[in-house]
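Notes follow once the structure below has been shown.
The values are calculated or read from the model by the stated rules, or taken from the named source; none is laboratory data. Quantities reported herein were computed from a predicted structural model and do not represent experimental measurements. Methodologically, a virtual Cβ is constructed for each residue, glycine included, from the backbone with ideal geometry; neighbour enumeration extends over all protein chains shown.
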Amino acid sequence: MIGIYDYTVVLTYLSLLSSCLGCIFSLSGRGGCPSLGIFFLMFCGVCDAFDGKVASTKKKRSSYEKKYGIQIDSLSDLVAFGVLPLAIGVSIYRTSPFLQSFVGDYPFVSFFFYGVLLFYVLTAFIRLAHYNVTEEERQKVEKGARKYYTGLPVTSASVILPVVWLLQYLTPLDFSLLYFFVLFLMSFLFVFKIRIKKLGMKGISFLVVIGVVEFFLFLVFKFIK
């Protein structure tokens, strides 16, 4: 069979499947369930945080294995942190009383919301394509992992967007519009030429802790409270 099926790719494959499930649950039913989509988005973030570390534990990886890892990582990231946030956005748009009331008064505004979602996916796609090309070129002249990223990594969506949606439960206000504003801002940061230092193990662990806290807060406010 073509492809790779050892332990080095398990987390990447799980991230892809999780993102697909997130899209399904976000868009299922009458309006969908954005909160379930957010859960799967956070799980994708956890998988992405450690997939590279797991892959690096295998010594003497072939050139094919390394290139394969780069490709599936970006392909999975496009679905997890590009398409899934779009699906969540569609669900938020359909289920938010505020947005539906606003669009009811100004129907043409709906084009703006869908435009933001499409723009977000496009910039995430461009960002990941740029990463693939530059990473392949970098590996020809450098050894080890890169120290800096150019542009905001698309994986940041797994931390930023859950925080935005969590505000829905922490306050009585409707933060649906904020979700689209944040997506719009992130879209520019994806393709903006800024250098961002790659997180080390301590930074990744800190983000994972934040993700765990977000997850339990969601459980408390969504299902227990």
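In table form, for the structure just shown:
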{"item": "Candidate set from the stretch 175-204 (those that are surrounded by 12 or more Cβ atoms within 10 Å (Cβ to Cβ) and at pLDDT below 80); member that is farthest from PHE40 (Cα to Cα)", "result": "ILE196"}
{"item": "Count of residues meeting criterion [out of contact with any Leu (no Cβ under 6 Å at 6 or more places or on another chain), closer than 15 Å to TYR93 by Cβ and in a helix (DSSP H, G or I)] in the stretch 11-31", "result": "2"}
{"item": "Residues within the stretch 216-225 that are modelled with pLDDT of 70 or more and within 18 Å of the chain's Cα centre (by Cα), tallied", "result": "0"}
{"item": "Residue satisfying condition, being modelled with pLDDT of 90 or more and more than 17 Å from the chain's Cα centre (by Cα), within set GLY104, GLY115", "result": "GLY115"}
{"item": "Exclusive hit being in contact (Cβ under 8 Å) with a residue 60 or more places away in the chain, among the aliphatic types (A, V, I, L, M) and more than 22 Å from VAL213 (Cα to Cα), set ILE72, ILE2", "result": "ILE72"}
